[in-house]
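This report concerns only the one structure given below.
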Amino acid sequence: MSCHMAFYSPFATITKDEENARKAKMVAIIERYKDKVSALPTNAELHLCKYEGFWLLHGYWFKSQTDFSVESIMALQDGFQALPTDIFLASNPKTGTTWLKALAFAILNRTKFKTESGSCETHPLLTISPHDCVPFMESDSFLNNPSYANGLMATHIPYTSLPKSIISSECRIVYICRNPKDVLISFWHFVNKLEGDVSTPTKLDDAFKCFCLGMVPYGSFWDHMLGYYKASLERPDKVLFLKYEDLKKYTENEVKKLAKFIGIPFTEEEECDGSVRKIIELCRFENLRKVSKDKTQMSKDICEDVYFRKGIVGDSVNYLTTEMIQILDKITKEKFDGLNISFET
Ligand code: PAP
C-alpha cells in the first residue's frame, strides 16, 4: 500500500460510519433540491434534466450514486467558496480530463515527490489514479470533504453554471477540449462499459442522435466548449484553453504552457535536467493505465481502467459512418462560425 494513500484518497481510510454519514449528506442534498429539480424539463429514459441550458444527470442515477448530479451542482452554487489560489481543471466528459488531472497534479507537486519509482517516496501517480489525486468538485466525496481538494479541483460544470465565487475570486481555470467525433466515440464506449451487463448496450446510432441534440450528461458538447472558449478570450490570464490533439502532438510545449499558466513555470535548470520529460512519462497513457489496472481506489462501483481505452486521435473514423461525420462536421461549422477553433482529426 502506498504511504501516500491515506492522505490522498478519500476512500482509502473510510470507515463504515463515515460512509454512512457521506450517504446521509447526499440524501439530504437530493431532498433539499427536490422541488427545484422536479420543476425542470426532464427525460426520464436518459435520466437527464435541463438546468441553465444544459442537460444534466439528476438524483440517484447510477448504482445509487449521486456523483455529478444536478443537485450536487446546485449545492455547490449555493455554498462553494473558491479561493483566489484555487485551480480548476474544467472539461466536457471524455475530452482528456484524466490526463490533464495527472499532468497538473504532477506539475504542482514536482518538488514534493520524486517522479520515478524505487522507494516509499514514490509518486502518488505510480500507485493511485489521477481521479484520486484530483477530485471532481461535483462528486459526492468532494461535497462531503471539500478540504480534500487542496487547491486543485476538476469539474465538468458548464462555465455559466459554475459557482459564482469561482469567477469572482479570480482563480484560474484550465479547460481541455477535444474533437467532437472522438469525444462521441469515447463517450459511447464509456457508457457501454459503465453499464456493463446491467442493461443492453447503447447503440452507436442512439448515442450519436443524443450527442447531436446535446442530450448527454453536461449537455451540448459545442455549447459547453463555447462557454469556456469565450471566457478564455475575455479573461486569458484566468482561463486557459487547451486541446487534447495539441497535447498529443506538442506535449512538451503544452505541458510548459500549463505550468506557466498555473503559476509555476519550469526553470531553465528543470528544462535541462529532464523534469518536463519525466512528468510527461509519468502521465503517459500506458503508465496511467497500468496503475489503474493494478489498483482501483476511486469508487467501488467503477473499475478505473474505464478511463483508459485507446488514448489516440482520430479513432472515430473506425466507427462513424460518412453521414455521421458530415452531420457532426456541419454542426461544428455552424456552432463555431466566425471563431478561430479547429480540430485536427
Ligand atoms: P472523463 O470525462 O470520464 O474523466 P476523460 O479522461 O476526459 O474522461 O477522457 C477519457 C479519454 O482520455 C479516453 O479516450 P479514448 O476513449 O478515445 O481512448 C482515454 O483513453 C483518454 N486518456 C486517458 N488518459 C490519457 C493519457 N494519459 N493520454 C492520452 N489519452 C488519455
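Tell me which of these PRO236 doesn't satisfy, since it passes every other one: (1) touching a residue at least 12 places away in the same chain (Cβ under 8 Å); (2) under 19 Å from LEU100 (Cβ atoms). Of everything listed in (1) touching a residue at least 12 places away in the same chain (Cβ under 8 Å); (2) under 19 Å from LEU100 (Cβ atoms), PRO236 misses just condition (1). How many of the residues in segment 65-78 are within 16 Å of the ligand (Cβ to nearest atom) and of a type in the set (Val, Ile, Thr)? Looking only at that region, the number is 1.
For segment 31-76, a tally of residues being in contact with a Lys or Arg (Cβ under 8 Å, 6 or more places away or on another chain), outside any loop (DSSP other than H, G, I, E, B) and under 25 Å from ASP206 (Cβ atoms) returns 2. Whenever a residue of segment 201-227 is touching a residue at least 60 places away in the same chain (Cβ under 8 Å), its partners that are surrounded by fewer than 20 Cβ atoms within 10 Å (Cβ to Cβ) and among the acidic types (Asp, Glu), lying with C-beta atoms within less than 7 angstrom and at least six residues away or across chains, give the pairs GLY214/ASP223. Quick one: what pairs do we get from segment 173-193, first residue of a type outside the set (Val, Ile, Thr), second in a strand (DSSP E or B), C-beta under 6 Å, 6+ apart or different chains? Between residues of segment 173-193 that are of a type outside the set (Val, Ile, Thr) and residues that are in a strand (DSSP E or B), the close pairs are TYR175/ALA90; TYR175/PHE241; CYS177/LYS243. The single residue among GLU245, GLU281, GLU252, GLU269 that is charged (D, E, K, R), assigned to a helix (DSSP H, G or I), within 16 Å of the ligand (Cβ to nearest atom) and without any contact (Cβ under 8 Å) to a residue 60 or more places away in the chain turns out to be GLU252.
Matching residues to (1) over 16 Å from LEU320 (Cβ atoms); (2) modelled with pLDDT under 95:
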position	(1), (2)
VAL174	yes, no
LYS181	no, no
LEU194	yes, yes
ASP197	yes, yes
THR202	no, yes
CYS210	no, no
GLY214	yes, no
SER220	yes, no
HIS224	yes, no
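The set of residues in segment 79-116 being more than 18 Å from PRO265 (Cβ to Cβ), assigned to a helix (DSSP H, G or I) and within 16 Å of the ligand (Cβ to nearest atom) consists of THR97, THR98, TRP99, LYS101, ALA102. Against the conditions (1) touching a Phe, Trp or Tyr at 6+ places or on another chain (Cβ under 8 Å); (2) at pLDDT 95 or above, where does LYS164 fall short? Just the number, please. That leaves (1) as the condition not met. Working only within segment 255-266, note down all residues that are buried (at least 17 other Cβ atoms within 10 Å of the Cβ), without any contact (Cβ under 8 Å) to a residue 24 or more places away in the chain and either aliphatic (A, V, I, L, M) or farther than 21 Å from VAL313 by Cβ (or both). If the condition is that a residue be buried (at least 17 other Cβ atoms within 10 Å of the Cβ), without any contact (Cβ under 8 Å) to a residue 24 or more places away in the chain and either aliphatic (A, V, I, L, M) or farther than 21 Å from VAL313 by Cβ (or both), then PHE266 is the only one that fits.
Of all residues in segment 144-153, at least one satisfies being closer than 23 Å to ARG289 by Cα and buried (at least 22 other Cβ atoms within 10 Å of the Cβ).
The residues of segment 143-167 that are within 14 Å of the ligand (Cβ to nearest atom) and among the hydrophobic types (A, V, I, L, M, F, W, C), listed by number, are MET153, ALA154, ILE157.
With respect to TYR229, is the statement that it is within 16 Å of the ligand (Cβ to nearest atom), within 28 Å of THR85 (Cβ to Cβ) and either not in a helix (DSSP H, G or I) or not basic (Lys, Arg) (or both) true? It is false that TYR229 is within 16 Å of the ligand (Cβ to nearest atom), within 28 Å of THR85 (Cβ to Cβ) and either not in a helix (DSSP H, G or I) or not basic (Lys, Arg) (or both). Screening HIS131 with (1) of a type outside the set (Gly, Ala, Ser); (2) within 16 Å of the ligand (Cβ to nearest atom); (3) within 27 Å of GLU19 (Cβ to Cβ); (4) in contact with a Lys or Arg (Cβ under 6 Å, 6 or more places away or on another chain) gives one miss only, at (4). Answer yes or no: is there a residue in segment 170-185 that is of a type outside the set (D, E, K, R), surrounded by fewer than 22 Cβ atoms within 10 Å (Cβ to Cβ) and in a helix (DSSP H, G or I). Checking segment 170-185: not a single residue is of a type outside the set (D, E, K, R), surrounded by fewer than 22 Cβ atoms within 10 Å (Cβ to Cβ) and in a helix (DSSP H, G or I). There is at least one residue in segment 194-208 that is surrounded by fewer than 19 Cβ atoms within 10 Å (Cβ to Cβ), within 24 Å of LEU48 (Cβ to Cβ), within 13 Å of the ligand (Cβ to nearest atom) and not small (Gly, Ala, Ser). Of all residues in segment 61-74, which are at pLDDT below 95 and out of contact with any Gly (no Cβ under 9 Å at 6 or more places or on another chain)? Residues satisfying the conditions are TRP61, PHE62, LYS63, SER64, GLN65, ASP67, PHE68, SER72. Filtered by the rule that a residue be surrounded by 21 or more Cβ atoms within 10 Å (Cβ to Cβ), touching a residue at least 60 places away in the same chain (Cβ under 8 Å) and not acidic (Asp, Glu), segment 127-140 gives ILE128, SER129, PRO130, HIS131, CYS133, PRO135, PHE136, MET137, SER139.
The values are calculated or read from the model by the stated rules, or taken from the named source; none is laboratory data. Note that the structure is a prediction, hence the values are computed from the model and not measured. Reconstructed Cβ throughout: ideal geometry from the backbone, glycine too, with neighbour counts over all protein chains shown.
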